[in-house]
1. How much FRET efficiency would the formula 1/(1 + (r/R0)^6) give for Asn461 and Tyr310, where r is the Cβ-Cβ distance and R0 is 30 Å, rounded to 0.05?
2. May I ask you to sort Met38, Met308 by Cβ crowding, counting other Cβ atoms within 10 Å and putting the fewest first?
3. Out of (i) 1.05; (ii) 1.25; (iii) 0.96, which label holds the value of Cα Rg over 2.2 N^0.38 Å that was computed here?
4. With the contact rule set at Cα under 8 Å and sequence spacing of 6 or more, what percent relative contact order holds for the chain?
5. Which order do His69, His166, His278, His508 fall in if you start with the one that has the fewest other Cβ atoms within 10 Å?
6. Taking Cα centroids, how far is the stretch 155-205 from the stretch 429-456 in Å?
7. Efficiency by 1/(1 + (r/R0)^6): what FRET value for Ala325 and Lys3, r their Cβ-Cβ distance, R0 = 41 Å, to the nearest 0.05?
8. So how much slack lies between Lys25 and Lys428, counting 0.36 nm per residue of separation and subtracting their Cα-Cα distance, in nm?
Amino acid sequence: MSKKQIIQVPLNRVEGDLEIRAEVKDGYVVDAWSSGTMYRGFESILKGRGALDGLVITPRICGICNTSHLAAAARALNMIASISPPPDAVKIINLALMTEHIQSDIRHGILMFCPDFVNPAYKHLPLFEEAVKRFSPFKGESVRQVIRETKKILELSAIIGGQWPHSSFIVPGGIVSNPDDTDILKCKIILHQYKNWYEKQILGCTIERWLQVESVHDLDTWLEEKDSHRQSDLGFYIRYAKEIGLDKIGKGCQNFISYGAYEVPGNSDVKAHGNSSHLVPPGFFYKRYIEIFDQKHITEHVASSWYMDYDRGKHPFEGETKPFASGKQGSKYSWAKAPRYNDLPGETGPLADMIISENRLFTDYNEKNGPDVFIRELARLTRPSLLMPVMETWLSEISGKRIICLEEFRKTKDYKKPVVSEIPGKEKFYISSGEIPDGRGFGMVGAARGSLGHWVSIADNMIKNYQIITPTAWNLSPRDSDGVRGPAEEALLGTGVADISNPVQLGHVIRSFDVCMVCTVHAIEL
């Protein structure tokens, strides 16, 4: 007789409080439930406060993606005030977002995801000792390097934003930090050093060489091309992940959503993707096609969430957040709502961005194999290779003066007397928004973990309503009104569990979504 068993999946190394339950039959997961168990209250805190208070409060939702929340809050107010920040301000905001992303991507991959490679379940494998050497928590050689180097890159955000985390330099109309040419030069040097380290330690090759990898065949060729490729953290990840079968688990819903990321100003040499105005275009990938994105099709369901029921899903502008703590009784099991696009679940994050951007490597892999844990984490580890060249371009464009000799400047270490030549036409970073009028607006950004949206209603210069949908709300959502599982729940199905007392395989699946529950559950209406 087949035996079914409900197991509780122990999860650390995720941001926030998460409970995963899985039903295992004959060694495989046949059902799963993702429960956000932490209850916060940010949307309630915002209600009735001044129109600008979201700029200070929402970055405190999360200590990792705080710049993303700040940018989303400001964009919502820009829409209400009918203003557009100057191009150089847009570039600075993008730089702050990208800095947050390139440190988060590597921290997650090496500090949060790869430590599972040293689980005792894998001690019989030939590569296990090497995994221990690289990824043992706090001791691994790669772990220590990542802690050190990702701390340094955040200095870039502190220079242009005044501090990190929880800066408040983005406001309606632009930014108030007003970085000068010396600040921009410091940022260039910090980025240059981080890029050099990333190429040597993570990629094992130049970014230019990595970007030539455009197919599954190219990936295999790259891996065997040089020993530096195989011995890099990325090369080791590819070899070890396939050895333990990460390319066979974690399919998910196979729909992908992106609100669009990194708005591209018109005065830049950086080109937006296709007909969009973003480096990463907005879109919804469904049944092998990319649909035009419209935020009007987003709804939130509460059939499985601890809130008072309403009919099917509601758009965030009409959303209700009335808590109903039924405990384990009935069908409700999470404080997270269930976001849907045209009533469909959607995965968001680096892999979604790659698919919707039609990146050749990830498109080819998805067409041949579909999504899985292996390719989801590969997208995260390699995204910095796409962002850093753009960051270099924007830093050069922002500066009102051009550095003649960067190497000579680095030798002198004299930050006050760089060798420069004038470039006319430096643009401002801010235009006045005036008092925020009555109205509704939304701010949508690409955060480190995927698409983030703020929906705001203002009346009499006060916040009437504030709704936030985070990337992890999409990825770790519970079932919706139709009983359809969220992406992570669906990704767990079919996963083999060799030892129910050590279900490391389920940890791989969940961590591949880079969970952030502190962002996801914060809603209450008293």
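1. Efficiency computed from Cβ-Cβ geometry: 0.55.
2. Going from least to most buried by this count: Met308, Met38.
3. (iii)
4. It rounds to 26 percent for the chain.
5. So the residues, fewest neighbours to most, are His166, His278, His508, His69.
6. Here the answer is 22 Å between Cα centres.
7. Approximately 0.80, to the nearest 0.05.
8. Residue separation times 0.36 nm, minus the Cα-Cα distance, leaves 138.9 nm.
Every read-out reported here was derived from the displayed coordinates using simple, explicitly stated rules and does not represent laboratory data. Bear in mind that the values here come from a model prediction, so they are computed numbers and not experimental data. Every residue, glycine among them, receives a Cβ derived from its backbone with ideal geometry; neighbour counts consider all protein chains shown.
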